[in-house]
Each structure stands twice: as C-alpha cells, then as structure tokens.
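Have a look at the structure below, then the notes.
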Amino acid sequence: MSETSSLIRRSVAEYAAGCKGHALEVQNPEGCVRAMEMLALGAPYREICAETGLRPSNISKLKVRHSGAVEARREAQASELEDLADVYREALRRKADDLLGDEEKLAKVNPKDLALTTAILTDKPMQLRGEATSVVEHRSGVSLEDVMKMKAELAKEADVINVEDV
C-alpha cells in the first residue's frame, strides 16, 4: 500500500473514531477508502457508485470530509504518471532516433501512434491536478454570416439605378 493510500485509510479511521456509529466511515470503511481512491484517480461518480454501492450524495460527503487525503493521493498519482511520461518520452526519443536512421522502419510506423502516446501521458497528470487540458476560445464580434446578411439587407434597401451607355 502506498503512503498516500494509507493516508486515505488513516483519514477514514480517524473520522470514524470521532463518530458515534452512524457515519459511513464507521459502517463501510473499505467502501469509503475505495471510493476516495477512485475519486483521486478521476473516476466518475456513476462508476464509483457501481463499484462501491455508495450513493452520489455519500461520495460528495466523503470528498468534502477527506479532501486533504484525496488531493494528496491525486497529486501522488499525477507525479507517478509524470515520471512514467518521462520514461516513455525518452523511449520515444530513442525509437525516433532509431527510426530516423532506418528509412524502412520509419515508413512502417504510424506517426499518430507516437503522438497519441505522448499526448496522453502529458494530458493525464494535468487532468488529475485539475489543470486545463484544453482551451476554449470564445469570440464576440461580427461573423462572416452576419456580414453576408447585412449585405443582403443593404442590397434590398438600396435604390437600384441602371446606367446605360449613351
């Protein structure tokens, strides 16, 4: 068991010790620990509910009561994945160097496979830390469609003068 997993287990035990017996941590400590582990790893509530039998409201309460332990586990997982990403990036660098030296091998490799692996291993730690993994840009102003509509409206309103050569 990792140090951060034992932190979650200890957090549940300490909370249970201060309760009279009705708390979820007293009734189902293993389910609580598993739910928080899954939360830390980014599992959706529906998946946690299905595996642990807990209700979404219970998971929300656990998340608040044990936020420090969950965040510590999430940070540890993110760090582990970053370390793994570094190992894979180095392997990809070596593979790329090998491939660059052999045109036949290079022709057989789908570049998307290499790019996808790197992207996933870069994105996941950011996701676990709650950092932005994508950027959505919202623009305001006049669009091309707006200009085309205005042009059509102006054309309807304009007096058309036909000029003929004399």
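The values are calculated or read from the model by the stated rules, or taken from the named source; none is laboratory data. Keep in mind that this is a model prediction, so the values were computed, not measured. Because the Cβ atoms are built from the backbone with ideal geometry, glycine has one as well, and the counts that use them run over all protein chains shown.
Within region 126-146, residues that are at pLDDT below 80 reach no partner that is outside any helix (DSSP H, G or I) and of a type in the set (Asp, Glu) with beta carbons closer than 6 Å at six or more positions or on different chains.
Anything in region 17-26 that is assigned to a helix (DSSP H, G or I), closer than 19 Å to Gly53 by Cα and of a type outside the set (Val, Ile, Thr)? List them, or say none. Outline the logic, then answer.
First, the residues of region 17-26 that are assigned to a helix (DSSP H, G or I): 17, 24-26.
Next cut, closer than 19 Å to Gly53 by Cα only: 24-26.
Selection gives Leu24, Glu25.
Among the residues of this structure, Glu30 counts as one that is free of Cβ contacts under 8 Å to residues at least 24 places away in the same chain, over 27 Å from Glu131 (Cα atoms) and not in a loop (DSSP other than H, G, I, E, B).
Table: residues versus (1) surrounded by 14 or more Cβ atoms within 10 Å (Cβ to Cβ); (2) aliphatic (A, V, I, L, M); (3) within 21 Å of Lys124 (Cβ to Cβ); (4) in contact with a Leu (Cβ under 9 Å, 6 or more places away or on another chain).
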position: Ser11; (1), (2), (3), (4): yes, no, no, no
position: Ala43; (1), (2), (3), (4): yes, yes, yes, no
position: Glu51; (1), (2), (3), (4): no, no, yes, no
position: Arg55; (1), (2), (3), (4): no, no, no, no
position: Lys61; (1), (2), (3), (4): yes, no, no, yes
position: Gly68; (1), (2), (3), (4): no, no, no, yes
position: Arg74; (1), (2), (3), (4): yes, no, yes, yes
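Restricting attention to region 84-101 and to residues that are surrounded by 11 or more Cβ atoms within 10 Å (Cβ to Cβ) and among the charged types (D, E, K, R), the residue that is farthest from Met126 (Cα to Cα) turns out to be Asp98. Taking the criterion of being within 21 Å of the chain's Cα centre (by Cα) and over 30 Å from Leu7 (Cα atoms), the residues of region 77-126 that qualify are Arg89, Lys112, Asp113, Leu114, Ala115, Leu116, Thr117, Thr118, Ala119.
Based on what the data block shows, is Val142 loosely packed, with under 10 Cβ neighbours inside 10 Å and assigned by TED's automatic domain parsing to the domain that holds Ser11? First the steps, then the outcome.
Numbers: loosely packed, with under 10 Cβ neighbours inside 10 Å: yes; assigned by TED's automatic domain parsing to the domain that holds Ser11: no.
No, not satisfied.
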